[in-house]
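Before any comments, here is the structure.
The values are calculated or read from the model by the stated rules, or taken from the named source; none is laboratory data. All figures in this text were calculated on a predicted structure; none of them were measured in a lab. Counting neighbours? That spans all protein chains shown, and the Cβs are built from the backbone with ideal geometry, glycine included.
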Amino acid sequence: MQFTDDSVMTRSIAQSLIEKRQLDLLDIAKRFVKSYYEEPNRGYGPAVMTVFEKLRANRFSDLFTPAKEQFNGQGSWGNGGAMRITPIALFSHQNIDLLLEMTRKETQLTHTNKIGVDGAILQAIAIRQSLLLNPDNELDVKQFIDDLISQMDTIEFDEEGLGLVEPKPYKIQLSLVKTLISEGEAANAEKVVQKLGTSVAALYSVPTAIYCFLRAQNQIEGIITDNPFRRTIQYAISLGGDTDTIGGMAGALAGAFYGDKIINPAILKHLEASEEFQLLGEKLSDVTLSQ
Ligand code: 8NA
Ligand code: MG
Ligand code: MG
Ligand code: MG
């Protein structure tokens, strides 16, 4: 199975962190653009290509304006920031302030809309939480969601200080995740898709990925496997929509929680460049630990 844009961009970030041992936005931007022009048909979002074209045209003299100009200045709220954030979450998981700062800056290379940025932040803090838990103990699903809700409550602040009513959209979606989890098997696929979404919008895919990971802590009707890592990804794909990205984000959470031993080597063999990605994971782990 061929990997898509999600993996290409994740790889760029991992390679840069391994080589530079810190966040080097110029280096990451160059890697994004280079890999896009080498293989433009990896399934990139329809609008993000414009950012790569402008970065190349300005010779990386201005890293942020191209992303800011997307969608008439609104910036993208696509899930492209969240889908690639795993290496940053792993690298900086011991320092939450660093994690937030790195996630925000790196995401803004392509996504400047607050919904796009906050989606990447939510995915990064969820990966961190998963990583810090011990998979030998049963995961406290309710606590996991409550912790995310309380963090998003401070992150989704009224940025412009206008005193307007704050909608806190991720907080709302996470409350839906909690409700659906409490419904167990009664939350069928149609209901999950209707409430949480499976689109390329970060708001309607990041909470969905978190739900998939948490739901897969238990057996799911129709998903026949005893392996909860596999169950997470199979379930995510079964919901349809933006399957590569929601499967990838849910898999990142499950991987951070269970560790790589849970991945069946027979399945890895089916994946393009799986050895390269495994090696990157090991190298990233080395630079993370030595920080
Ligand atoms: P993006 O920035 O192009 O955003 C994705 C899409 O979201 C845009 O093309 C728009 O349709 C919509 N969008 C985002 N922001 C706005 C806005 N402010 N106003 C109106 N519409 C908006 O790319 P991205 O990097 O966020 O995209 C990530 C997703 O695209 C991933 O799922 C990835 O796998 C890829 N993707 C590609 C295909 C494909 O077949 N090429 C299909 C699904 C997803
Ligand atoms: Mg993709
Ligand atoms: Mg763990
Ligand atoms: Mg996708």
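Could you check how many residues of region 228-285 are away from ligand 2 (no atom under 16 Å from the Cβ) and in a helix (DSSP H, G or I)? It would help to see each step written out before you state the result.
Here is the first cut: in region 228-285, the ones away from ligand 2 (no atom under 16 Å from the Cβ) are 228-232, 234-235, 238, 253-270, 274-276, 278-285.
Subsequent filtering for residues that are in a helix (DSSP H, G or I) retains 228-232, 234-235, 238, 253-258, 260-262, 265-268, 274-276, 278-285.
Final tally of qualifying residues: 32.
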Hey, Asp153 hits all of (1) away from ligand 4 (no atom under 16 Å from the Cβ); (2) in a helix (DSSP H, G or I); (3) modelled with pLDDT of 95 or more; (4) over 18 Å from Gly78 (Cα atoms) but one; which does it fall short on?
(3)
Residue in region 44-85 that is nearest to ligand 4 (Cβ to nearest atom), counting only those that are assigned to a loop (DSSP other than H, G, I, E, B) and exposed (fewer than 13 other Cβ atoms within 10 Å of the Cβ):
Pro46
In region 187-232, the residues that are out of contact with any Phe, Trp or Tyr (no Cβ under 9 Å at 6 or more places or on another chain), crowded, with 24+ Cβ neighbours inside 10 Å and within 17 Å of Asp244 (Cβ to Cβ):
Ser205, Thr208, Ala209
Go through the residues of region 21-28 one by one and say whether even a single one is farther than 19 Å from Val8 by Cα and free of Cβ contacts under 8 Å to residues at least 40 places away in the same chain.
yes
Residues in region 180-196 that are under 18 Å from Ile145 (Cα atoms) and within 22 Å of the chain's Cα centre (by Cα): how many?
5
Please name all residue pairs, on different chains or six or more residues apart, with Cβ atoms under 7 Å, provided the first residue is in region 3-15 and is in contact (Cβ under 8 Å) with a residue 12 or more places away in the chain and within 11 Å of ligand 4 (Cβ to nearest atom) and the second residue is part of a helix (DSSP H, G or I) and among the β-branched types (Val, Ile, Thr).
Asp6/Thr245
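Per-residue answers, yes or no, for (1) part of a helix (DSSP H, G or I); (2) modelled with pLDDT of 95 or more; (3) away from ligand 1 (no atom under 16 Å from the Cβ):
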position	(1), (2), (3)
Thr112	no, yes, no
Val117	yes, yes, no
Ala120	yes, yes, no
Ser130	yes, yes, yes
Asn134	no, yes, yes
Asn137	no, yes, yes
Ile145	yes, yes, yes
Quick check on region 243-270: of everything there that is within 16 Å of ligand 1 (Cβ to nearest atom) and either aliphatic (A, V, I, L, M) or under 18 Å from Ser12 (Cβ atoms) (or both), which residue is surrounded by the most Cβ atoms within 10 Å (Cβ to Cβ)?
Met249
